[in-house]
There are 2 protein chains.
Amino acid sequence: MRADHHLAPPAAAPRPHPGGQEHATAVAHPNIALIKYWGKRDERLVLPRVDSLSMTLDIFPTTTRVRLTPEAGHDTLTLGGRPAQGETLRRVSAFLDLVRQQAGRPEHAAVDSHNTVPTGAGLASSASGFAALAVAAAAAYGLRLDATAHSRLARRGSGSASRSIFAGFAQWHAGPPTADEDEADLASYAEPVPAAGLDPALVIAVVNAGPKAVSSREAMRRTLDTSPLYEPWARSSADDLREMRAALRRADLEAVGEIAERNALGMHATMLAARPAVRYLAPATLTVLDGVLQLRKDGVRAYATMDAGPNVKVLCPRADAERVARTLRAAVPDGSVLVARPGPAARLLPGER
Amino acid sequence: MRADHHLAPPAAAPRPHPGGQEHATAVAHPNIALIKYWGKRDERLVLPRVDSLSMTLDIFPTTTRVRLTPEAGHDTLTLGGRPAQGETLRRVSAFLDLVRQQAGRPEHAAVDSHNTVPTGAGLASSASGFAALAVAAAAAYGLRLDATAHSRLARRGSGSASRSIFAGFAQWHAGPPTADEDEADLASYAEPVPAAGLDPALVIAVVNAGPKAVSSREAMRRTLDTSPLYEPWARSSADDLREMRAALRRADLEAVGEIAERNALGMHATMLAARPAVRYLAPATLTVLDGVLQLRKDGVRAYATMDAGPNVKVLCPRADAERVARTLRAAVPDGSVLVARPGPAARLLPGER
């Protein structure tokens, strides 16, 4: 499954490609992990402790244009048309440095990104954002990367972005532990996971909650460093992933949902046992979880997953999405509820390549 | 610390004592575990997987009278004046069998028990109930038991009852694993833990919630059998207990509270990872926990613990109890809030011995 290593240029060996487009625009979608990414083993290379597996969504794409600006002394960034500075610009610029290194080209770039996630929806835009940026920047700088290499590159911007390169379901490989950084970098990327015949929806309950008390980056670090429950969860998550792949292969939505729900609850359990505890579960989160339990009692195959925040994403058969959405709307009348389905791969926009 | 083994009669060696009182009345109080009892290694002998440590409360005593009825063909039981039957009577009668075996006396008994925990308060009455029953029945059947032996006996009725024998803080020893049942029984009892100078209150937020979806007995079993996080929690709980004893010794309420809170969160984390998950935390539980976090931000030393239910018990300095109670009342306006302090040991009522 990792036979495509050889397609990718080693990160440390720039491959000049003077025929770049100089500008390119790409689109990518968010994804929701069914087997969670929780814990980094290398912060700089963004190497995870565990494999994860997600569903790319068909809503809220990010569209990003990268235009080389040879005359400029630095990179620029606009988000939704507004110039961005500080940490956000620094992070994008550091990402472009990786692309420049691979391409062997020094030019700065102007990045314009439009993210369609509604403000406060609590859906991280870093996955779709860095997936779109990876695809657009690689093209603009003249790199010809396959999807695996795009995934590996996107990973450096934000771990979960590695999965948004692919349509539908994708597994991000942690890769084997190795002291060789190039080898570790090469081995960690996402790839599509077949799930023919599965026709799911993901109903997202956006819960009205205050700002996060703890960033997910800090929460990951604290859990890994202090929670006595982290390592056993990581081991059980490897089992969950194997079972999840098998469940997807046989299009068994019930098993997919059960595994996803237990994997997510386990992740939150590791955080509750961190010191000090990290708790993203809000009262309204549990109200939604109670609604999901009631749906199952009523015979609806609905299963919950939660990330580093109070929102709940409920996997169910596409045919039941409206019923599930009605139940969740009733559970959190002051929140909002969205319905997503499996979405497309990240891609360059036509006319841009 | 366990040098008092020799004071207790071996459970398997009945010690006839014909000079019994024939009737006796005892009173005992509930306790709240700060280091949790979660998981049995022997269901019949009620031997726990981990040591636990609790505070006996000064509220809601149970008063139980045991009167030998040599003429009767079976035991009888009244609870609050009303005759009890079925599983409740069976459990009390099985407990009296143990007392009869130890005393070498065959008579049946009439048990009258008055429990003052308000209905729906969600505070288990089995701890105070079996502690009072153990003390009263032992006296009625003419057994002269010390507190250790009372604790060991009470344990057989309900594990946490072993701790309600003692005033203030008490540790229930799991005892070393051994295939010898008599040895295992002898080694598992509670004993007082010194905490001179600590002046705490326990503010109890009784949350309005429906009946438990899963009994605590079933939840313990399922967690032990299926949660990948149980064993690591049990190991970390042993560390918590050592640190808790040290914190009590130096009357360090902040450390006592922090350790109690993390131990309880860890216990609930093990349940979330059970298959299927066991979740006692209700939306209102988290609302109370948010209130506790806010109290701490405001400089109040308040720490939460939760048992197999949605209620929250908040440890704080006695002087802050009213402030904490006000905050919790505001957090759960349709619940109720009680204030408890360290309570007395189980004892025979005067004139009854």
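The values are calculated or read from the model by the stated rules, or taken from the named source; none is laboratory data. All values derive from a computational prediction rather than experimental measurement. Cβ coordinates were reconstructed from backbone atoms using ideal geometry, including for glycine residues, and neighbour counts include every protein chain displayed. Remember, those area values only see protein heavy atoms, side chains included, never the ligands or the DNA or RNA. Shrake-Rupley method; radii C 1.70, N 1.55, O 1.52, S 1.80 Å.
Filter segment A:204-225 down to the residues that are within 12 Å of chain B (Cβ to nearest Cβ) and surrounded by fewer than 17 Cβ atoms within 10 Å (Cβ to Cβ) and list them by number. Write out each step before concluding.
Keep residues of segment A:204-225 that are within 12 Å of chain B (Cβ to nearest Cβ), which gives A:207, A:209-210, A:213-214, A:223.
Correct list: A:Gly210, A:Ala213.
Which residues, counting only those in segment B:229-254, are hydrophobic (A, V, I, L, M, F, W, C) and within 12 Å of chain A (Cβ to nearest Cβ)?
Keep residues of segment B:229-254 that are hydrophobic (A, V, I, L, M, F, W, C), which gives B:229, B:233-234, B:238, B:241, B:244, B:246-248, B:251, B:253.
Scanning segment B:229-254 gives B:Leu229, B:Trp233, B:Ala234, B:Ala238.
Could you say which residue among A:Ala138, A:Ala132, A:Ala154 is touching a Leu at 6+ places or on another chain (Cβ under 9 Å), within 30 Å of A:Ala213 (Cβ to Cβ) and modelled with pLDDT of 95 or more? Spell out the reasoning first.
Working: A:Ala138 fails: within 30 Å of A:Ala213 (Cβ to Cβ); A:Ala132 fails: touching a Leu at 6+ places or on another chain (Cβ under 9 Å).
Sole residue among the options that is touching a Leu at 6+ places or on another chain (Cβ under 9 Å), within 30 Å of A:Ala213 (Cβ to Cβ) and modelled with pLDDT of 95 or more: A:Ala154.
Of the residues B:Ala147, B:Ala136, which is in contact with a strand residue (DSSP E or B) (Cβ under 6 Å, 6 or more places away or on another chain) and within 26 Å of B:Arg341 (Cα to Cα)?
On the way: B:Ala147 fails: in contact with a strand residue (DSSP E or B) (Cβ under 6 Å, 6 or more places away or on another chain).
Result of the check over B:Ala147, B:Ala136: B:Ala136.
Looking for whichever is at negative phi, assigned to a helix (DSSP H, G or I) and either more than 10 Å from every other protein chain (Cβ to nearest Cβ) or among the β-branched types (Val, Ile, Thr) (or both) here; the options are A:Ala284, A:Ala260. Which one fits? Give the steps one after another, and end with the answer.
Values: A:Ala284 fails: either more than 10 Å from every other protein chain (Cβ to nearest Cβ) or among the β-branched types (Val, Ile, Thr) (or both).
Sole residue among the options that is at negative phi, assigned to a helix (DSSP H, G or I) and either more than 10 Å from every other protein chain (Cβ to nearest Cβ) or among the β-branched types (Val, Ile, Thr) (or both): A:Ala260.
Exactly one of these conditions fails for B:Tyr280: (1) of a type outside the set (Asp, Glu); (2) out of contact with any Gly (no Cβ under 8 Å at 6 or more places or on another chain); (3) under 30 Å from A:Gly266 (Cβ atoms). Give me its number.
Of the numbered conditions (1) of a type outside the set (Asp, Glu); (2) out of contact with any Gly (no Cβ under 8 Å at 6 or more places or on another chain); (3) under 30 Å from A:Gly266 (Cβ atoms), the odd one out for B:Tyr280 is (2).
Here are some residues: B:Ala269, B:Ala260. Which one is buried (at least 24 other Cβ atoms within 10 Å of the Cβ), closer than 25 Å to B:Asp320 by Cβ and aliphatic (A, V, I, L, M)?
B:Ala260
Give the residue, chosen from B:Arg100, B:Arg91, that is open to solvent by 10 Å² or more (accessible area, probe 1.4 Å), under 20 Å from B:Thr69 (Cα atoms), of a type in the set (D, E, K, R) and touching a Pro at 6+ places or on another chain (Cβ under 9 Å). Working first, answer last.
Working: B:Arg91 fails: touching a Pro at 6+ places or on another chain (Cβ under 9 Å).
Residue meeting the stated conditions: B:Arg100.
In segment B:103-130, how many residues are open to solvent by 30 Å² or more (accessible area, probe 1.4 Å) and either closer than 26 Å to B:Ala308 by Cβ or charged (D, E, K, R) (or both)?
Quick first cut of segment B:103-130, residues open to solvent by 30 Å² or more (accessible area, probe 1.4 Å) only: B:104, B:106-108, B:112, B:114-116, B:118-120, B:122, B:124-126.
Those still in the list that are either closer than 26 Å to B:Ala308 by Cβ or charged (D, E, K, R) (or both) too: B:107, B:112, B:114-116, B:118-120, B:122, B:124-126.
Total meeting the criteria: 12.
Looking at A:Asp320, A:Asp334, which one is within 14 Å of chain B (Cβ to nearest Cβ) and either surrounded by 23 or more Cβ atoms within 10 Å (Cβ to Cβ) or over 14 Å from B:Ala269 (Cα atoms) (or both)? Full working, then the answer.
On the way: A:Asp320 fails: within 14 Å of chain B (Cβ to nearest Cβ).
That would be A:Asp334, the only listed residue that is within 14 Å of chain B (Cβ to nearest Cβ) and either surrounded by 23 or more Cβ atoms within 10 Å (Cβ to Cβ) or over 14 Å from B:Ala269 (Cα atoms) (or both).
Exactly one of these conditions fails for B:Leu186: (1) under 27 Å from B:Ala340 (Cβ atoms); (2) crowded, with 18+ Cβ neighbours inside 10 Å; (3) within 21 Å of the chain's Cα centre (by Cα); (4) in contact (Cβ under 8 Å) with a residue 40 or more places away in the chain. Give me its number.
The one condition B:Leu186 does not meet is (1).
Restricting to segment B:44-72, name every residue that is farther than 21 Å from B:Arg242 by Cα, charged (D, E, K, R) and under 16 Å from the mean Cα position of the chain (by Cα).
So the first thing to find is which residues in segment B:44-72 are farther than 21 Å from B:Arg242 by Cα, and the list is B:44-46, B:57-72.
Filter once more, so that each one left must be charged (D, E, K, R): B:44, B:58, B:65, B:67, B:71.
Once the filter is applied, which keeps residues that are farther than 21 Å from B:Arg242 by Cα, charged (D, E, K, R) and under 16 Å from the mean Cα position of the chain (by Cα), segment B:44-72 yields only B:Asp58.
Out of B:Gly351, B:Gly309, report the one residue that is part of a loop (DSSP other than H, G, I, E, B), at pLDDT below 95 and open to solvent by 50 Å² or more (accessible area, probe 1.4 Å). Step through it out loud before you land on a result.
Numbers: B:Gly309 fails: open to solvent by 50 Å² or more (accessible area, probe 1.4 Å).
Exactly one of B:Gly351, B:Gly309 is part of a loop (DSSP other than H, G, I, E, B), at pLDDT below 95 and open to solvent by 50 Å² or more (accessible area, probe 1.4 Å), namely B:Gly351.
Which is at pLDDT 95 or above and either out of contact with any strand residue (DSSP E or B) (no Cβ under 8 Å at 6 or more places or on another chain) or under 27 Å from B:Glu258 (Cβ atoms) (or both), of A:Pro317, A:Pro276? Spell out how you get there, then give the answer.
On the way: A:Pro317 fails: either out of contact with any strand residue (DSSP E or B) (no Cβ under 8 Å at 6 or more places or on another chain) or under 27 Å from B:Glu258 (Cβ atoms) (or both).
Result of the check over A:Pro317, A:Pro276: A:Pro276.
Tell me which of these A:Ala246 doesn't satisfy, since it passes every other one: (1) among the aliphatic types (A, V, I, L, M); (2) free of Cβ contacts under 8 Å to residues at least 12 places away in the same chain; (3) closer than 19 Å to A:Pro48 by Cβ.
Of everything listed in (1) among the aliphatic types (A, V, I, L, M); (2) free of Cβ contacts under 8 Å to residues at least 12 places away in the same chain; (3) closer than 19 Å to A:Pro48 by Cβ, A:Ala246 misses just condition (3).
For A:Thr285, indicate whether it is open to solvent by 30 Å² or more (accessible area, probe 1.4 Å) and more than 18 Å from the chain's Cα centre (by Cα).
Values: open to solvent by 30 Å² or more (accessible area, probe 1.4 Å): no; more than 18 Å from the chain's Cα centre (by Cα): yes.
No; evaluated as a whole, the condition is false for this residue.
Which condition number does A:Ala345 fail, the rest of (1) within 11 Å of another protein chain (Cβ to nearest Cβ); (2) out of contact with any Asp or Glu (no Cβ under 9 Å at 6 or more places or on another chain); (3) modelled with pLDDT of 95 or more being met?
Going through (1) within 11 Å of another protein chain (Cβ to nearest Cβ); (2) out of contact with any Asp or Glu (no Cβ under 9 Å at 6 or more places or on another chain); (3) modelled with pLDDT of 95 or more one by one, A:Ala345 breaks only (1).
Looking at B:Thr63, B:Thr56, which one is open to solvent by 40 Å² or more (accessible area, probe 1.4 Å), at pLDDT 95 or above and β-branched (Val, Ile, Thr)?
Details: B:Thr56 fails: open to solvent by 40 Å² or more (accessible area, probe 1.4 Å).
Unique residue meeting the criteria: B:Thr63.
What is the number of the single condition among (1) within 10 Å of the chain's Cα centre (by Cα); (2) assigned to a helix (DSSP H, G or I); (3) closer than 23 Å to A:Arg245 by Cα that A:Gly159 does not meet?
(2)
Let me spell it out: the conditions are (1) within 14 Å of chain B (Cβ to nearest Cβ); (2) open to solvent by 30 Å² or more (accessible area, probe 1.4 Å); (3) part of a loop (DSSP other than H, G, I, E, B), and A:Ala167 meets all of them except one. Which number is the exception?
A:Ala167 satisfies every listed condition except (1).
If I filter segment A:93-142 down to residues being among the aliphatic types (A, V, I, L, M) and assigned to a strand (DSSP E or B), which single residue comes out as farthest from A:Pro83 (Cα to Cα)?
We begin by selecting, within segment A:93-142, every residue among the aliphatic types (A, V, I, L, M); these are A:94, A:96, A:98-99, A:103, A:109-111, A:117, A:121, A:123-124, A:127, A:131-140.
From the residues that got through so far, the ones that are assigned to a strand (DSSP E or B) too are A:109-111.
Details: A:Ala109: 14, A:Ala110: 10, A:Val111: 10 Å.
Checked segment A:93-142; the qualifying residue farthest from A:Pro83 (Cα to Cα) is A:Ala109.
Determine whether B:Met244 is in contact with a strand residue (DSSP E or B) (Cβ under 7 Å, 6 or more places away or on another chain), modelled with pLDDT of 95 or more, of a type outside the set (Gly, Ala, Ser) and assigned to a helix (DSSP H, G or I).
Numbers: in contact with a strand residue (DSSP E or B) (Cβ under 7 Å, 6 or more places away or on another chain): yes; modelled with pLDDT of 95 or more: yes; of a type outside the set (Gly, Ala, Ser): yes; assigned to a helix (DSSP H, G or I): yes.
Judged against the criteria, B:Met244 is a match.
Each row is one residue, and each column tells you yes or no for (1) within 30 Å of A:Gly257 (Cβ to Cβ); (2) of a type in the set (D, E, K, R).
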| site | (1), (2) |
| --- | --- |
| A:Ser54 | yes, no |
| A:Gly73 | no, no |
| A:Arg90 | no, yes |
| A:Asp97 | no, yes |
| A:Ser113 | no, no |
| A:Pro118 | yes, no |
| A:Ser128 | yes, no |
| A:Ala139 | no, no |
| A:Leu143 | no, no |
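Scan segment A:131-155 for residues that are within 12 Å of the chain's Cα centre (by Cα) and open to solvent by 10 Å² or more (accessible area, probe 1.4 Å) and jot them down.
If the condition is that a residue be within 12 Å of the chain's Cα centre (by Cα) and open to solvent by 10 Å² or more (accessible area, probe 1.4 Å), then no residue fits.
Within segment A:35-45, track down each residue that is crowded, with 22+ Cβ neighbours inside 10 Å and either assigned by TED's automatic domain parsing to the domain that holds A:Tyr230 or over 14 Å from A:Arg222 (Cα atoms) (or both). Before you say what the answer is, go through the steps one by one.
Here is the first cut: in segment A:35-45, the residues crowded, with 22+ Cβ neighbours inside 10 Å are A:35-39.
Within segment A:35-45, A:Ile35, A:Lys36, A:Tyr37 meet the criteria.
Filter segment B:206-233 for residues that are of a type outside the set (Gly, Ala, Ser), in contact (Cβ under 8 Å) with a residue 24 or more places away in the chain and either more than 13 Å from B:Arg275 (Cβ to Cβ) or not in a helix (DSSP H, G or I) (or both) and give the result.
B:Val206, B:Val207, B:Asn208, B:Lys212, B:Val214, B:Met220, B:Pro228, B:Leu229, B:Trp233
Do you know which residues across segment A:312-331 are farther than 30 Å from A:Ser215 by Cα and part of a strand (DSSP E or B)?
A:Pro317
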